[in-house]
Amino acid sequence: NAGVMQNPRHLVRRRGQEARLRCSPVKGHSHVYWYRQLPEEGLKFMVYLQKENIIDESGMPKERFSAEFPKEGPSILRIQQVVRGDSAAYFCASSPPGTLASTGELFFGEGSRLTVL
Amino acid sequence: AQSVAQPEDQVNVAEGNPLTVKCTYSVSGNPYLFWYVQYPNRGLQFLLKYITGDNLVKGSYGFEAEFNKSQTSFHLKKPSALVSDSALYFCAVKLTRGSYIPTFGRGTSLIVHP
């Protein structure tokens, strides 16, 4: 499967635990985006990364949330000390480098659905 | 700054009838515009985009959209709806310069009745 791979698809955590969501972009794509989807709120941008760099994290909560996209391996969205309000679907998307990053569409994964008990 | 408005939370249409899902945008410059579809418990799938040129854009599954600069709109249309078109539809906008990050609307749930 050459598409964006996200895991786990479903994750259940108790309040105070940590959640780690992984995303492997389409092969050859160097841009990764994380979005959060909540009912009635649509899709909200969180963070935009390129390999080893955070380009824009203007949508990330200031505390407990972090993201990385290392030189090797998947992008990781990490949520520390989860609270019930973190329950949502988290989507990763990727795009190729160059001009297609601005003119092209995003390729989305199937999402990771986090439930905080 | 950029934003997208999808004024309808839900659109209902009978199978075989034409459908329209509305989208208006606001950007401080020229836009790139996109439509995506999301089926239950799935990720978003790209349908079509407007970059430049012809204002009428044709995309996947028989969908099309018309870019109207004066009305800042990019409505999604299909001449004859199918029950299988029932899904959540998202409009998205990006600036042509200075931003790689698309902003999405809240989504419109399309329900096609048999």
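Quick note: the coordinates plus some simple rules give every number you see, no bench work behind them. These figures come from a predicted structure and were not determined experimentally. As a convention, Cβ positions derive from the backbone with ideal geometry for all residues, glycine included, and neighbour counts pool all protein chains shown.
Using label points projected 7 Å from each Cα along Cα→Cβ, tell me how many nm separate A:SER87 and A:ASP56, to one decimal.
3.1
Expressed as cubic angstrom per residue, what is the convex hull volume of the alpha carbon set of the range A:25-96?
Looking at the range A:25-96, the number lands at 89 Å³ per residue.
Quick one: 3J(HN,Hα) in Hz for the range B:106-113, Karplus 6.51/-1.76/1.60 with θ = phi - 60°, rounded, Gly and Pro as x.
My calculation for the range B:106-113 gives 6, x, 10, 7, 9, 10, 9, 8 Hz in order.
Run the simple label-point estimate for B:ALA1 and A:LEU38 please: 7 Å along Cα→C-beta, distance reported in nm.
2.0
Using θ = phi - 60° and the Karplus relation 6.51 cos²θ - 1.76 cosθ + 1.60, list the HN-Hα couplings for the range A:89-98 in order, rounded to whole Hz, with x at every Gly or Pro.
With the stated coefficients, the range A:89-98 comes to 9, 10, 10, 10, 9, 9, 8, x, x, x Hz.
What lysines does A:LYS44 reach when the alpha-carbon gap must be under 18 Å and sequence neighbours fewer than 8 apart in one chain are set aside?
Those lysines meeting the cut-off are A:LYS62, B:LYS94.
Please give me the summed charge of the neighbours of B:ASP9: other residues whose Cβ is under 10 Å from its Cβ, Lys and Arg +1, Asp and Glu -1.
My count for the surroundings of B:ASP9 gives -1.
A:ARG14 to A:ARG78: extension gain in nm, 0.36 nm per residue of separation minus the Cα-Cα distance?
Here the answer is 21.5 nm.
Okay, which of the range B:84-114 sit inside 13 Å, backbone N to the point 7 Å along the Cα-Cβ direction of B:ALA14?
Output list for this probe position: B:113-114.
By the scheme Lys and Arg +1, Asp and Glu -1, what is the net charge of all other residues having a beta-carbon under 13 Å from that of B:LYS78?
That works out to -2.
How about A:LYS27: which lysines have a C-alpha closer than 22 Å to its C-alpha, ignoring those fewer than 8 places off in the same chain?
Here the lysines satisfying the reach criterion relative to A:LYS27 are A:LYS51, A:LYS71.
Per DSSP H run of at least 4 residues, take -39500 (n - 2.57); add these up for chain A, divide by its residues and hand me the 222 nm value, nearest 500 deg cm²/dmol.
The helix contribution divided over chain A gives -500 deg cm²/dmol.
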